[in-house]
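The values are calculated or read from the model by the stated rules, or taken from the named source; none is laboratory data. Quantities reported herein were computed from a predicted structural model and do not represent experimental measurements. Cβ: placed from backbone, ideal geometry, glycine included. Neighbour counts: every protein chain shown.
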Amino acid sequence: MRLAVVIPTPDVAPAPPVALLSGGFAERLGKASDMGYAGVELMVMDPAQVDAAGVRRMIADAGLEVAAIASGALTFAAKLTLLHQDASVRRRALDRLRRLIELAAQVGAPLVTIGSFRGWLRNQPGDGAAYLRSTLQEACAWAGEHSVRLVIEPLNRYEADAVLTAQEGLALIAQVGSPHLGLLLDTFHLNIEEADPAAAVRLAAEAGRLWHIHLGDSNRLPPGQGHFHFAAFVQALHQAGYNGYLSAELLAKPDADSAARLTASYMQAVLAASSVSPALS
């Protein structure tokens, strides 16, 4: 397992509250590398404004990888969701997702995340669940054409009305029926919705769909600032055979740099203690 940190690409304004590190894009990359992160998760608002070749080169020059492309900025900054009540907004959101998938292929990102970007089922006048399934089927077809995978993120009940748990996420994945759709488990949301986060890890892993992890403590601050048991969670990931990224997606408090630094130092110690990643000891 390796650590990644969520940062915005230059097109994103204002920066989402869960994007970390300060300064320009190159400065953020340098800080991520200096703090010991192995990858970055890119929050993108408008892929058409992103110099994919330049971004890929800058990330490689910093000794980093692209862990994923995040869709959160589409909701926060662009006000787009797949389940928006306005049909024209839904069409723009789906087109933007297609462009995120294309960008992911161009910068070498294996995943595109779908969390709050999916929106609320209650906004749909008809069968919102059926519309979400068909939308994801279409998006998965695009993802397969570009050798990219999508991950659906279970969210807590205060931020979503569909896919709140790992079990619900796996049920949706089964309904979509695509090998290009998996799960992203976020420790902040797990703490609210799952009685046993380790059981959620096992369930997703046994289904072969545990593809990405977001880090945030119970209060969405850096790990160690709340009461989530990260040592037990990392051990569950280790036992499940997970070897992907642990990506810091949490509130930029006390500030964007300190949040990233606190996360890196705490999680490096947790990983070293669990003997999961000696390279980060």
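Per-structure values
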{"quantity": "Those residues of segment 3-48 which are small (G, A, S), surrounded by fewer than 24 Cβ atoms within 10 Å (Cβ to Cβ) and closer than 15 Å to R261 by Cβ, in sequence order", "calculated": "S22, G23, G30, S33, G36"}
{"quantity": "Test: residue in segment 211-230 that is surrounded by fewer than 17 Cβ atoms within 10 Å (Cβ to Cβ) and either more than 29 Å from R261 (Cα to Cα) or among the hydrophobic types (A, V, I, L, M, F, W, C) (or both)", "calculated": "no"}
{"quantity": "Filter result for the condition that a residue is of a type outside the set (D, E) and modelled with pLDDT under 95, over A104, A129, A62", "calculated": "A129"}
{"quantity": "Some residue of segment 240-253 being of a type in the set (S, T, Y), assigned to a loop (DSSP other than H, G, I, E, B) and crowded, with 18+ Cβ neighbours inside 10 Å", "calculated": "yes"}
{"quantity": "All strands (runs of 3 or more DSSP E) inside segment 49-162 with 3 or more residues being buried (at least 18 other Cβ atoms within 10 Å of the Cβ), of a type in the set (G, A, S) and within 19 Å of the chain's Cα centre (by Cα)", "calculated": "65-70"}
